[in-house]
Amino acid sequence: QVQLGESGGGLVEPGGSLILSCGTSGFIVSQTHMGWYRQPPGKQREWVAGVDRRGVHSFADSVKGRFTITRDNRQNMVYLQMKDLKPEDTAVYYCNKVSPPFDYWGQGTQVTVSS
């Protein structure tokens, strides 16, 4: 049974940094194209970053150069390192498989960028 749990969000000032964590179970992260998504207030969920089984990274243009996605194969976890955060990065962040995502979504973690 797939389980996903995100953590690490919070309130940060513009220009600040955060590291989000995603705990998983029920599948093997190293064999899965994993990604991070976000849902800004009043908007639809959007894909943000991904790392495929070969370790190739991909990012949405809006976060390229500021966000990094990594995974810990031993712990079966995925991380999103975010720097130079902007108010438009404010959203609930989720991790999930990429194309297509699992039907199950975790509770997400709120990131608020504000002064």
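The values are calculated or read from the model by the stated rules, or taken from the named source; none is laboratory data. A quick note: this is a predicted structure, and the numbers were derived from the prediction, not measured. Glycine also receives a Cβ, built like all others from the backbone with ideal geometry; neighbour counts cover every protein chain displayed. For the accessible areas, the whole protein counts, side chains as well, though only heavy atoms, and no ligand, DNA or RNA atoms are used. Shrake-Rupley method; radii C 1.70, N 1.55, O 1.52, S 1.80 Å.
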Which residue, of GLN39, GLN110, is more than 21 Å from GLN1 (Cβ to Cβ), in contact (Cβ under 8 Å) with a residue 60 or more places away in the chain and in contact with a Ser or Thr (Cβ under 9 Å, 6 or more places away or on another chain)? GLN110
Tell me, yes or no, whether region 49-57 has at least one residue that is touching an Asp or Glu at 6+ places or on another chain (Cβ under 8 Å) and under 24 Å from GLN3 (Cβ atoms). no
Here's a check for you: in region 42-51, which residue that is among the small types (Gly, Ala, Ser) and in a strand (DSSP E or B) is surrounded by the fewest Cβ atoms within 10 Å (Cβ to Cβ)? GLY50
Report yes if some residue within region 68-91 is among the small types (Gly, Ala, Ser), under 15 Å from SER7 (Cα atoms) and modelled with pLDDT of 95 or more; otherwise report no. yes
Can you say whether MET34 is closer than 13 Å to LEU4 by Cβ and open to solvent by less than 50 Å² (accessible area, probe 1.4 Å), as far as the supplied structure shows? yes
Going by what's in this entry, would GLN39 be described as under 14 Å from ASN96 (Cα atoms), out of contact with any strand residue (DSSP E or B) (no Cβ under 8 Å at 6 or more places or on another chain) and open to solvent by 50 Å² or more (accessible area, probe 1.4 Å)? no
Can you tell me how many residues in region 2-34 are under 13 Å from GLY106 (Cβ atoms) and not hydroxyl-bearing (Ser, Thr, Tyr)? 12
